[in-house]
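The values are calculated or read from the model by the stated rules, or taken from the named source; none is laboratory data. If you're wondering where the values come from, they're calculated on a predicted model, not measured in any experiment. So basically every Cβ, Gly included, is an ideal-geometry build from the backbone, and we count neighbours across all protein chains shown. Surface accessibility is based on the protein's heavy atoms, side chains included, excluding ligands, DNA and RNA. Shrake-Rupley method; radii C 1.70, N 1.55, O 1.52, S 1.80 Å.
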Amino acid sequence: MKFKRKFLFSLVFVLIMAVSLVLFGMSYINSLLEPVDSQAGDDYRYVTMPPGATAQEIAVILEEAGLIHSSLFLRLYLRFQDDNRPLIAGEYSF
């Protein structure tokens with residue numbers, strides 16, 4: 001009887017922790033998908049994507065310019081997209 005009670009308590013604890021972890025992960029990913037808060041108002045930000053830049057380099061440029069929350073998240077997003085369009089070098093304003 002004591003074994004069943006410990007097992008049930010452990011199972012409930014693991015389930016609560018798993019649900020908490022999933023909810024935290026969903027909340028974090030949702031925050032990464034939200035727009036970056038622009039304090040600059042109507043000012044544009046200009047970035048230059050050099051020719052031959054990799055997705056990782058472009059993600060870092062965008063993160064350093066304050067245009068995205070996470071370069072890692074952008075790289076993962078690009079990797080799992082089923083879209084093989086090339087990233088185009090040039091000057092961009094956001």
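Probe of 1.4 angstrom, ligands and nucleic acids ignored: what's the accessible area per residue over segment 52-94, in square angstrom? If you can, show how the numbers build up before the last one.
Working: 3310 Å² over 43 residues.
On a per-residue basis, segment 52-94 sits at 77 Å².
When Lys and Arg each count +1 and Asp and Glu each count -1, what net charge do the other residues less than 15 Å away from Ala53, Cβ to Cβ, add up to?
Its environment carries a net charge of -2.
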Q) Using the Kirkwood radius built from alpha carbon pairs, what does the Stokes-Einstein equation give as D for the chain at 20 °C and 1.002 mPa s, in µm² per second? A) 128
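Listed highest first by mean packing, meaning other Cβ atoms within 10 Å per residue, what order do 44-50, 16-22, 71-77 come in? Write down the numbers at each step before the final one.
Details: 44-50: 12.1, 16-22: 10.0, 71-77: 15.9.
For the peptides 44-50, 16-22, 71-77, the packing ranking is 71-77, 44-50, 16-22.
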Q: With an 8 Å cut-off on Cα pairs and a minimum separation of 6 or more residues, tell me the relative contact order of segment 2-94 in percent.
A: 33
(Q) Tell me the angle of helix 2-33 to the major Cα principal axis of the chain, expressed in degrees between 0 and 90 and rounded to the nearest ten. (A) 10
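Less than 14 Å Cβ to Cβ from Val36, Lys/Arg counted +1 and Asp/Glu -1: what total charge do the surrounding residues give?
-4
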Q | 0 to 90° range, to nearest 10: angle between helix 55-64 axis and the chain longest Cα axis | A | 90
Q: Any chance you could give the angle, 0 to 90 degrees and rounded to 10, that helix 71-80 forms with the longest Cα principal axis of the chain?
A: 80
Q | Per-pair calculated FRET efficiency, R0 = 35 Å: Val22 and Tyr46 via Cβ, rounded to 0.05 | A | 0.35
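Okay, helix-only estimate at 222 nm for the chain: each DSSP H run of n ≥ 4 adds -39500 (n - 2.57), divide by all residues, round to 500 deg cm²/dmol; what do you get? Working shown, then result.
Numbers: 3 runs with 52 residues, N = 94.
The helix contribution divided over the chain gives -18500 deg cm²/dmol.
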